[in-house]
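The block underneath contains the structure these notes are about, expressed in C-alpha cells.
Derivation of every value follows stated rules applied to the coordinates shown; laboratory data play no part. Worth saying up front: this structure is predicted, and the values here are computed from it rather than measured. Neighbour counts are summed over all protein chains in view; Cβ atoms, including those assigned to glycine, are modelled from backbone coordinates with ideal geometry.
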Amino acid sequence: MKDALKKTIQPYAARLISSDQILNLKRHLFEVKRKLLAKPHQVDVYLRIDDPYSYLLMQVLAEFEARFEIEIHCKTIKHLQEDMYPEVEMWHTNGFFDAGQLAHLYDLQWPQKAPIKSSAIISRGTECLLQLEAAFNGQSINWQLLKTVFEGYWFSQAEKFELNKEFELIDSLSMGRQLEANEMTLREKGHYMSAMLNYEGEWYWGLDRLDHLEQRLFSLGLGKDKNDEVYFNKTYVDLYQSKPLSKPDDRLKKLTLFFSIRSPYSHIGLEQAMKLAQHYQLELEVKPVLPMIMRGLSVPNTKKMYIFHDTKREAQKLGIDYGFVADPLGKGVERCYTLFSYAQSLGCEQQYLLNYAQAVNAQGIHSDTDAGLKSIVERSGMEWEKAQEILAQPEANTAWQEWAENNRQQMVALGSWGVPTFQYDDLVLWGQDRAGLIENRIKANLSTTE
C-alpha cells in the first residue's frame, strides 16, 4: 500500500520540485538572505589540477568575472568520490578528448597529448593551488598565476609549480586541513565533481553550464554593460540553422546513439539525434543498454538529484518537456526493451523509444502498468494485442538482455561508459549536449568536394 501510494505521488512530486515556481521561490529566498547579511554576489568554483574541465574553466573565469558584479572564490579539491565514478580511468581518457573538442570550439589552450599521470606531480600541483587559494583569501585572484600552475600540469612543465616568492608558503598540515574542508563543503552543499561553480544554492558544471549562470546573473542585473548576450552557448546555439537536406548525401556517415530508457539525458540525446538525422537525412541507429543501477552499479542520491535538476534546465532551453517523471526502473525498463524488437520489425523503433521516453519523463505515465504501456504502444503505431502476446512469451522477456549487453560492450569498446553516447564516423562523444559538435563534423563533411 505504501509503495503504491509512493508510486502514484512520485510524478507529481517530481513536477513540483522541478517547477519554475519552486525554483524562483528558492532564488528569491537566497537573494533575501544575501541582502540581509550584506554579502556580495559570490561564486565558489571548485578546481582540480588533473581535471580537464577545470583547466578549461580556469581559462575563462577572469573574463567571466570582469563581465559581472561578482566575486569568484577558488576552492581546491583533489580526491574523487569513488561511488560517483563507475569508470574513473575511462572518464579521464574521454574527458581529455572531449575537453579538446570544447577548447577548439571556444579557442582555448589545450595540449596535443595528455600529461603523464603522476601522483607526485598531481600532489605538487594541488599544493600550489592550495597556496594560491590561501594567498587569494579576501583578495582579488591573480588569474595569471593560477593559469601558470595549470599549465605546469597540463603541458608537463613542472618548473612552473615554483610560485611567485611573494606568497608565503603554508605548511603541509594547514594545506591538508584546507583540502579536507573544501571537499567536505562540496559534499555538504550537494555535489561530487570538480569544475563546478556554486552560486546561491545552484550548481553549474564547467563551460557546458556557464550559460545558465550567465542568464541568472543577467536576470539579477549584475551584467556590467548593457549587452546581456550569453557567450557560453556554442554547443547548441546554431543547431539546425543550416538548410536541411532533401535527400541523403554520400559524404555523410551513419549516426549511432547508445541510449537508456531510464536516463533523462538519454531522452534529450534521442530528441537531438532524431533531429540531426531528419535535418541531414542521416541513417540513425539507436542501441539501448541496461541502466547502470540494473547492472548493479551505484547511483547515489546526490548524483540523482543533480541530474534531475540539470536535465530540467537543459531540456527547458531546448524546448523539450521534462519533469513529470514516472521512473521506469525495473519492470518499466524490461517491458520497454522486450517490445523493442517488435517496434524494429515495423520500422518504428525510434518513435517508439521517443514516445516511451516522453511518457516516463514528461507525462507521468507508469509504463509498468498495462494502461500506461498500452498508450505508449498504440501511439507508436504498434498493436496492443500483439504487444501483449510478446510480453507473455518467456523467451521474449530474456532475449533483449543479450542484445542490451552487446550494445553496452560496443559502447565500452568505443571508449565510453555511459549514455547517451553519440558515434558519428570516428567521432565518439558522451553527453546530450554534444549534438552541436556532431553537427560541426557533419558540416565539415558536407564542405568537402565530392
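Over 24 Å between Cα atoms, which of 275/312; 78/113; 254/374; 117/189; 113/160 qualify?
In this structure, 254/374; 117/189 lie more than 24 Å apart at Cα.
Check each of the GluC sites (Glu not before Pro) in the range 1-77 and keep only those in coil by DSSP with at most 13 other C-beta atoms within 10 angstrom; list them in order.
In loop regions of the range 1-77 (DSSP not H, G, I, E or B), the sparsely surrounded GluC sites (Glu not before Pro) are 69.
Give, as a single signed number, the net charge of other residues whose beta carbon lies under 12 Å from the beta carbon of residue 209, with Lys and Arg counted +1 and Asp and Glu -1. Write out the running numbers ahead of the final one.
Values: positive: 216, 313, 317; negative: 202, 208, 211, 214, 310, 314, 433.
Its environment carries a net charge of -4.
Once you have the Cα-Cα distance between residue 251 and residue 228, take 0.36 nm times their residue separation minus that, and quote the gain in nm to one decimal. Kindly include the intermediate steps, with their values, before the conclusion.
Details: separation 23, 0.36 × 23 = 8.28 nm, distance 3.90 nm.
In short, 4.4 nm is gained.
Under a 10 Å cutoff between Cα atoms, tell me which one of 369, 256, 76 has the largest fluctuation in the Gaussian network model of the chain.
369
So what's the chain giving for Cα Rg divided by 2.2 N^0.38 Å, two decimals?
Compared with the compact-globule rule of thumb, the chain sits at 1.05.
By its C-alpha gyration tensor, with a ≥ b ≥ c as the square roots of the eigenvalues, how is the range 1-137 shaped: rounded for a/c under 1.5, else prolate for a/b larger than b/c, else oblate?
Judged from the Cα gyration tensor, the range 1-137 comes out oblate (a/c at least 1.5, b/c at or above a/b).
For a Förster distance of 35 Å, can you work out the FRET efficiency between the beta-carbons of residue 351 and residue 24, rounded to the nearest 0.05?
With R0 = 35 Å, the Cβ-Cβ based efficiency is 0.50.
Below 8 Å, C-alpha to C-alpha, sequence gap of six or more: please give me the relative contact order for the range 280-422 in percent.
26 percent
Counting only chymotrypsin sites (Phe, Trp or Tyr not before Pro) that are in a DSSP loop and have at most 16 other C-beta atoms within 10 Å, tell me the longest site-free stretch of the chain.
Here the longest segment lacking exposed loop sites spans 241-450.
Sequence gap at least 6, Cα distance under 8 Å: using those rules, report the relative contact order of the chain to the nearest whole percent.
Computed over the chain, the figure is 18 percent.
Quick one: if the Förster radius is 51 Å, what FRET efficiency do residue 384 and residue 87 give, using the C-beta to C-beta distance and rounding to 0.05?
It comes out at approximately 0.85.
May I ask which residue of 106, 201, 218 lies farthest towards the positive end of the charge dipole of the range 40-219, with charges of +1 (Lys, Arg) and -1 (Asp, Glu) on Cβ and the Cα centre as origin?
Ranked along the dipole, the leading option is 106.
In the Gaussian network model of the chain, springs joining C-alpha atoms below 10 Å, which of 318, 47, 29 carries the largest mean-square fluctuation?
29
Only four residue types carry charge here, +1 at the Cβ of Lys and Arg and -1 at the Cβ of Asp and Glu. Report the dipole size of the chain about the Cα centre in Debye, rounded to the nearest 20.
About 800 debye.
When the chain is modelled as a GNM with alpha-carbon springs shorter than 10 Å, which of 51, 426, 211 fluctuates the most?
Between 51, 426, 211, it is 426 that shows the largest mean-square fluctuation.
Just the Kirkwood number for the range 255-447, please: inverse of mean 1/r across all distinct Cα pairs, in Å, one decimal.
Kirkwood radius, the range 255-447: 17.0 Å.
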